[in-house]
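The values are calculated or read from the model by the stated rules, or taken from the named source; none is laboratory data. Just so it is clear, the model here is predicted, and its values are computed rather than measured. Reconstructed Cβ throughout: ideal geometry from the backbone, glycine too, with neighbour counts over all protein chains shown. These accessible areas exclude ligands, DNA and RNA; they are computed on the full protein's heavy atoms, side chains included. Shrake-Rupley method; radii C 1.70, N 1.55, O 1.52, S 1.80 Å.
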Amino acid sequence: MNEIRWTDNHCHLPDDRDAAALVVKAAKELGVERLIDVGTSVEHSATCCGRAAEFDGVWATAGVHPHAAKDGIEGLENLLSLSKVVAVGECGLDYHYDNSPRDAQRQVFADQIQLAHEYQLPLVIHTREAWKDTFDILDAEGAPEHTIFHCFTGGPEEAKSSLQRGASLSFSGIVTFPNAPELREAAALTPADRYMVETDAPYLAPVPQRGKQNHPGWVALVGAGVAAARGVKVQTVAEESWNTASKVYRFSG
């Protein structure tokens, strides 16, 4: 077993049960002891909850991604009291693809912020090309105590604005991409107790695996990218991101 332990703060496990079991096993062999399997629709969130109940070291979120906002959130609340559901989301705004109308995205995002408050759960935010509206809605509804900007892709100014609202930033493999200097600046300025690392698997494989199907076991490569940006040891990033995840999701140990 790897001496360094990691939390993959955000991944999407395969729908096939046996494939998911293999991914979890492989990740654990590489020191990834905790995985957050993130829901993107009501139906998908229910599947994530089922996997979390079955697999040791796996937890779930329940949320409706902006792509699915047109379908609403009916039934989502039924999942939020399950024992291994640790957050609401991923939810937010995506103005790049506009797979759902923007008014529907904004309403469903606001509704899920309200659910995070009601159930006293962290909120996992997806935002793409929509920073102003994301901040405006978050301000109007009030940021939950623990709010996570997943796959953070902003620069220093967006990082500061997020941190001012009490949020934590979660860095993905993009931090290792050569064309992301502003993201590395954001990683460098984030306080040690306000960041996490994620793979967003099966997407966004980090360098040197870029272009391949991503795996939670590669979160250490993301950690190495964050360590380089912050000028610290990989061990330090593993410990700091582990501690942030423990605080945000109320994990023990």
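Tabulated data
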| item | result |
| --- | --- |
| Selection count where residues are out of contact with any Phe, Trp or Tyr (no Cβ under 8 Å at 6 or more places or on another chain) and either among the β-branched types (Val, Ile, Thr) or open to solvent by 10 Å² or more (accessible area, probe 1.4 Å) (or both), scope segment 43-73 | 20 |
| Selection within segment 12-32 - within 27 Å of LEU76 (Cα to Cα), more than 16 Å from the chain's Cα centre (by Cα) and open to solvent by less than 80 Å² (accessible area, probe 1.4 Å) | PRO14, ALA19, ALA20, ALA21, VAL23, VAL24 |
| Residue satisfying condition, being touching a helix residue (DSSP H, G or I) at 6+ places or on another chain (Cβ under 8 Å), of a type in the set (A, V, I, L, M, F, W, C) and part of a helix (DSSP H, G or I), within set ALA19, ALA26, ALA60 | ALA26 |
| Of all residues making up segment 152-170, the number that are touching a Lys or Arg at 6+ places or on another chain (Cβ under 9 Å) and not small (Gly, Ala, Ser) | 3 |
| Hits in segment 81-116 (condition: part of a loop (DSSP other than H, G, I, E, B), on the phi < 0 side of the Ramachandran plot and not polar (S, T, N, Q)) | LEU82, LYS84, TYR95, HIS96, TYR97, PRO101 |
| Neighbours by Cβ (under 8 Å, 6+ apart or cross-chain): first from segment 65-88, within 23 Å of ARG102 (Cα to Cα); second crowded, with 16+ Cβ neighbours inside 10 Å and among the charged types (D, E, K, R) | HIS65/GLU90; HIS65/ASP94; PRO66/ASP94; HIS67/ASP94; ILE73/ASP111 |
| Some residue of segment 2-11 being crowded, with 20+ Cβ neighbours inside 10 Å and part of a helix (DSSP H, G or I) | no |
| Subset of segment 159-172 (residues that are within 21 Å of ALA87 (Cβ to Cβ) and in contact with a Leu (Cβ under 9 Å, 6 or more places away or on another chain)) | ALA159, SER162, LEU163, ARG165, ALA167, LEU169, PHE171, SER172 |
| Test result for GLY231, out of contact with any helix residue (DSSP H, G or I) (no Cβ under 7 Å at 6 or more places or on another chain), over 19 Å from GLY57 (Cα atoms), touching a residue at least 24 places away in the same chain (Cβ under 8 Å) and of a type outside the set (S, T, N, Q) | yes |
| Flag for ARG194 being of a type in the set (Lys, Arg) and over 17 Å from the mean Cα position of the chain (by Cα) | no |
| Lone qualifier among GLN114, GLN120, GLN105 - being crowded, with 16+ Cβ neighbours inside 10 Å and among the polar types (S, T, N, Q) | GLN105 |
| Test result for LEU82, of a type in the set (A, V, I, L, M, F, W, C) and surrounded by fewer than 22 Cβ atoms within 10 Å (Cβ to Cβ) | yes |
| So SER41, is it more than 20 Å from TYR249 (Cα to Cα), in contact with a Lys or Arg (Cβ under 7 Å, 6 or more places away or on another chain) and of a type in the set (S, T, N, Q) | no |
